[in-house]
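The values are calculated or read from the model by the stated rules, or taken from the named source; none is laboratory data. Just so you know, these numbers come straight off a predicted model, no measurement behind them. Keep in mind that these areas ignore ligands, DNA and RNA; they rest on the heavy atoms of the full protein, side chains included. Shrake-Rupley method; radii C 1.70, N 1.55, O 1.52, S 1.80 Å.
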Amino acid sequence: MELEFFFYDSTAFKRFLSDNPHERGEVEFLESILEEGMNAIDIGGHTGITTVVIAKKIGESGTLYSFEPVPEYFYILNKNVYRNGLKNVKTRQLAVSDCIGTTNFYKNNASSSIVPQAGIPGFQVDTTTIDTFLKEENTERIDLINMDCEGSELFVLEGAEKTLRRNKNNIKIFCEVHHSMLRDLGISVQELVNYLHELGLQVHSVSLTDLSIGDNFEGCDYI
């Protein structure tokens, strides 16, 4: 179920989370690791649920950069940022990857990805990297990266190498793992784990039904 326009503190939003365990699990985990004053990145902002939650928790002393390349989602994202009175969010209609340029994107119902989908026409979107974007923003400290990028996980992380090395002692990454889409691109979740280990980061798995950390990477919902 998709949620379009909402208010963070509304009964309707709380009811939506209650009825949708996937979104509720994400919100609960994010709220458990967020702190006032953090600088954060939300990749795959979609209609704004995680963007609004992160922005509310980090407060006015924090800054959030939210990326969403699909035009209709980007419109809803901005509306929800405005409706919730958030002044600490900077939105960008860009896909995040390992290079600057363009890439084909495919939208199938609520899912959008670089992974080709049978019978679904692609459209081009502009891409950036975290390292390049933060250099342009003159921002060095990043405390949290939230990722829901449906197959692009490794590309995003490779484009953030300098950022991850610079912030490895404080940064938190919450990354949804789309196993089937990774396989379609010839990538495994273990490659993600190995890459992060090589940068000196600790990696744990998180299941949607069990938000405790573990090591079952092949069966995890998130790392």
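Okay, here's what the table says:
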{"quantity": "Area accessible to solvent at R15, 1.4 Å probe radius, in Å²", "calculated": "130 Å²"}
{"quantity": "Whole-number percent relative contact order across the chain, with pairs defined as alpha carbons under 8 Å at least 6 apart", "calculated": "16 percent"}
{"quantity": "Interchain or long-range residues, amide H under 5 Å from S66's placed H", "calculated": "D42, K90, T91, R92"}
{"quantity": "The stretch 99-223: C-alpha gyration tensor shape, a/c 1.5 cut-off, then a/b vs b/c", "calculated": "oblate"}
{"quantity": "List E68, E28, ordered by accessible area with a 1.4 Å probe, largest first", "calculated": "E28, E68"}
{"quantity": "GNM result for the chain, Cα springs below 10 Å: residue of R183, R141, R92 fluctuating most strongly", "calculated": "R183"}
{"quantity": "Distant-in-sequence amide H partners of V177 (H built 1.01 Å from N, under 5 Å)", "calculated": "Y222, I223"}
{"quantity": "Accessible area of the chain belonging to carbon and sulfur atoms, whole % at 1.4 Å probe", "calculated": "46 percent"}
{"quantity": "Among beta bridges that DSSP assigns inside the stretch 67-177, antiparallel share in %, nearest 5", "calculated": "55 percent"}
{"quantity": "Surface accessible to a 1.4 Å probe, per residue, for the residues of the stretch 1-116, Å²", "calculated": "46 Å²"}
{"quantity": "³J(HN,Hα) computed for each position of the stretch 61-66 - Karplus, 6.51 cos²θ - 1.76 cosθ + 1.60, integer Hz, glycine/proline x", "calculated": "7, x, 10, 10, 9, 10"}
{"quantity": "Unsatisfied cross-links (Cα-Cα over 25 Å) in the set K14/K56; K87/K107; K107/K168; K14/K168", "calculated": "K87/K107; K107/K168; K14/K168"}
{"quantity": "Label assignment, Rg and Dmax of the Cα atoms in Å derived from the structure, set (1) 16.3, 46; (2) 17.7, 56; (3) 19.5, 57", "calculated": "(1)"}
{"quantity": "Fraction of beta bridges assigned by DSSP in the chain that are antiparallel (%, nearest 5)", "calculated": "40 percent"}
{"quantity": "Probe 1.4 Å - accessible area at T63, Å² to nearest ten", "calculated": "40 Å²"}
